[in-house]
Amino acid sequence: MNDQRKPGLRTLAAWLCILGGLLAACESTPKEETPHEKAFNTLSEEEKKQGWKLLFDGKSTQGWHVYNHGDTTSKWSVENGELWCNPESKAGDFGDLVTNESFTNFELVYDWKIAKGGNGGVFVNVQENQQNPTAYMTGLEMQLLDNENGEERHKINPTHWAGCLYDISGKAENSKPKPFGEWNHSRIVHRDGRVIFFLNGLKTADANITAPDWKTKVQKSNLRNFPDFAKAISGKIALQDHTDAVWFRNMKIREL
């Protein structure tokens, strides 16, 4: 090969390498996800392998019913992939929404947001019966609250703050909900009567209804007035209708 042609060939080869690198980079660059493409109320393949199931399908209230009233029209509805309680709705009755199925040992995750000054709750170990007209009479409640604008009676009692085990106990320093109208992420782990609550990644409560000091804690709360409160280590999951607007999405559960 003539030495005078080598520089030109080397230059051409260099350009081809650069072009090839650019093409490869374009092919490997991940597509930017737009907000409309982000999937809510779905399970990844990894989640399915780990045993997760959807408690809310994003389209309907299938798997849920109104506490003690069955499948009837209520203030609960589904809009834009969100399950929400609309107290201003002209149709339907007020009432807690409860799962058809009961659970024993499980991990539950969900996103929630609440209206200004709003109050709500998620209950576990709920015993649905006519003797107890509402979920709070039997179930352990993870409090949902707009801490900043809540009623004064809630502001002065740290066990009433978001993420705490309502009126029983909680880690007040970790109760850091997002401002009203913004999404929070919660997690509940229940195993053999022990419940652990997390709000936005921080542990907000840890209690065991089988522990020696449990009865003492209950006697110091207003929940002592309900004889069937926290007597079961399994039961249904309920969403409280506290006549305040509250929204849910990405509700998932797996048995432990």
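The values are calculated or read from the model by the stated rules, or taken from the named source; none is laboratory data. Quantities reported herein were computed from a predicted structural model and do not represent experimental measurements. Positions of Cβ are generated from backbone atoms using ideal geometry, with glycine treated the same way; all protein chains shown enter the neighbour counts.
Anything in the range 83-98 that is at negative phi, out of contact with any Phe, Trp or Tyr (no Cβ under 7 Å at 6 or more places or on another chain) and part of a loop (DSSP other than H, G, I, E, B)? List them, or say none.
86, 87, 88, 89, 90, 91, 94
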Residues that are modelled with pLDDT of 95 or more, assigned to a loop (DSSP other than H, G, I, E, B) and not aromatic (Phe, Trp, Tyr), drawn from the range 152-176: 157, 162, 163, 164, 167, 168, 170, 171, 175, 176
Pairs, first more than 22 Å from residue 41 (Cβ to Cβ) in the range 71-93, second aliphatic (A, V, I, L, M) and exposed (fewer than 12 other Cβ atoms within 10 Å of the Cβ), C-beta under 7 Å, six or more apart: 73/91
Pairs where the first residue, in the range 119-131, is on the phi > 0 side of the Ramachandran plot and aliphatic (A, V, I, L, M) and the second is in a strand (DSSP E or B) and crowded, with 19+ Cβ neighbours inside 10 Å, C-beta under 7 Å, 6+ apart: none
Some residue of the range 103-122 being buried (at least 22 other Cβ atoms within 10 Å of the Cβ), more than 13 Å from the chain's Cα centre (by Cα), aliphatic (A, V, I, L, M) and farther than 19 Å from residue 174 by Cβ: no
Flag if residue 198 is under 17 Å from the mean Cα position of the chain (by Cα), among the aromatic types (Phe, Trp, Tyr) and surrounded by 14 or more Cβ atoms within 10 Å (Cβ to Cβ): yes
Per-region count, the range 205-256, residues among the hydrophobic types (A, V, I, L, M, F, W, C) and assigned to a strand (DSSP E or B): 10
Condition met for residue 172 (in contact with a Ser or Thr (Cβ under 6 Å, 6 or more places away or on another chain) and more than 30 Å from residue 130 (Cβ to Cβ)): no
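Does residue 125 satisfy the criteria of being closer than 22 Å to residue 197 by Cβ and buried (at least 22 other Cβ atoms within 10 Å of the Cβ)?
Values: closer than 22 Å to residue 197 by Cβ: yes; buried (at least 22 other Cβ atoms within 10 Å of the Cβ): yes.
For residue 125, the condition - closer than 22 Å to residue 197 by Cβ and buried (at least 22 other Cβ atoms within 10 Å of the Cβ) - is met.
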Every residue from the range 114-151 that is modelled with pLDDT of 95 or more and among the acidic types (Asp, Glu): 128, 141, 146, 148
Qualifying residue in the range 71-78 (condition: assigned to a loop (DSSP other than H, G, I, E, B), in contact with a strand residue (DSSP E or B) (Cβ under 8 Å, 6 or more places away or on another chain), under 28 Å from residue 231 (Cα atoms) and modelled with pLDDT of 95 or more): no
Single match in 170, 181, 163, 150 (criterion: of a type in the set (Gly, Ala, Ser), in contact (Cβ under 8 Å) with a residue 60 or more places away in the chain and either in contact with a strand residue (DSSP E or B) (Cβ under 7 Å, 6 or more places away or on another chain) or more than 22 Å from residue 110 (Cα to Cα) (or both)): 181
